[in-house]
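J.: Please find one structure pasted underneath; my questions will follow.
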């Protein structure tokens, strides 16, 4: 006699009908339609070659065989639930933190809000945030996910998603604007002082959009007009807010700050892009794919440039 039995999910249906006394009540408990419950009971009786319920006007009445099997069915159901709980614990135990790298300026309150919302919807998934302006090698395992700003991504090993168009304009502090005024265009820079990146040309880790405007400014002003030179965007932002001079600041960052005065619209040709990059190995992890799907539209909504 073949004793193999594979339709273990039907045991749950059997127990529900046994407890409730009808396929209608069982369907509500199980979250499935009444015809499906009745069909599953028929299939179970056919496979077992037993009559488990007598059908009458009062509902489904268990037979003596059903009563004998009820305790075993309950044990199976409890073990199945325990198995599901253990599987979930194993999943959480095996989860490793999602390692995200980005320049420090990107780890803003808005960025944190996206991570918080994802964590609330996906308990058990942790993050490791790597604040760095260096271009870490994702394919080599230095991080799982990166947010970068570049005109294009040259590493074709990475999973790339374009997030936003990045623009940079010239900004002043409110105190500088009140005391000195602001230029009306890129050709109206005479008489102003400037905060720029680097000592000659902007270093590689500054966004391409900021580099373009920074170098455009260097080509149009005198060395004597340079009041301060900084190694990163945080330095430029601090110096501009201190009133040392006008400086190139990404429009999304300036909008987020809310205290700066924009001199003119971002010059044409200085645009860049922000990207979400994922290593191939990390992308095979379901939690990383889920994060990418969750993160991209929310980042776009928050950091879309307001021209």
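The values are calculated or read from the model by the stated rules, or taken from the named source; none is laboratory data. On a predicted model such as this, the values are computed, not experimentally measured, just so you know. Every residue, glycine as well, gets a Cβ built from its backbone with ideal geometry; the counts of neighbours run over all protein chains shown.
J.: Name every residue in the stretch 256-273 that is crowded, with 17+ Cβ neighbours inside 10 Å, at pLDDT below 90 and more than 16 Å from residue 197 (Cβ to Cβ), in order of residue number. If you could, list the steps in order and put the result at the bottom.
T.: Looking only at the stretch 256-273, we keep the residues that are crowded, with 17+ Cβ neighbours inside 10 Å, and these are 260-263, 266-267, 270, 272-273.
Then drop every residue that is not at pLDDT below 90, which leaves 270, 272-273.
273, the sole residue that qualifies.
J.: Quick one: would you say residue 190 is free of Cβ contacts under 8 Å to residues at least 24 places away in the same chain, more than 19 Å from the chain's Cα centre (by Cα) and over 24 Å from residue 301 (Cβ atoms)? Spell out how you get there, then give the answer.
T.: On the way: free of Cβ contacts under 8 Å to residues at least 24 places away in the same chain: yes; more than 19 Å from the chain's Cα centre (by Cα): yes; over 24 Å from residue 301 (Cβ atoms): yes.
Yes: the conditions hold for residue 190.
J.: Let me ask something else. List the number of the failed condition for residue 90; all other conditions in (1) modelled with pLDDT under 95; (2) more than 24 Å from residue 272 (Cβ to Cβ); (3) buried (at least 16 other Cβ atoms within 10 Å of the Cβ) hold.
T.: Only one criterion is unmet by residue 90, namely (3).
J.: Only one of (1) in contact with a helix residue (DSSP H, G or I) (Cβ under 9 Å, 6 or more places away or on another chain); (2) within 21 Å of residue 164 (Cβ to Cβ) is not met by residue 101, so which one is it?
T.: (1)
J.: While we're on this one: Scan the stretch 129-158 for residues that are in a strand (DSSP E or B) and under 24 Å from residue 211 (Cα atoms) and jot them down. Write out each step before concluding.
T.: To start, the set of residues in the stretch 129-158 that are in a strand (DSSP E or B) comprises 129-131, 145-150.
Listed by number, the residues that qualify are 130, 131, 145, 146, 147, 148, 149, 150.
J.: Filter the stretch 22-75 down to the residues that are buried (at least 16 other Cβ atoms within 10 Å of the Cβ) and closer than 14 Å to residue 8 by Cβ, then identify the one that is farthest from the chain's Cα centre (by Cα).
T.: 69
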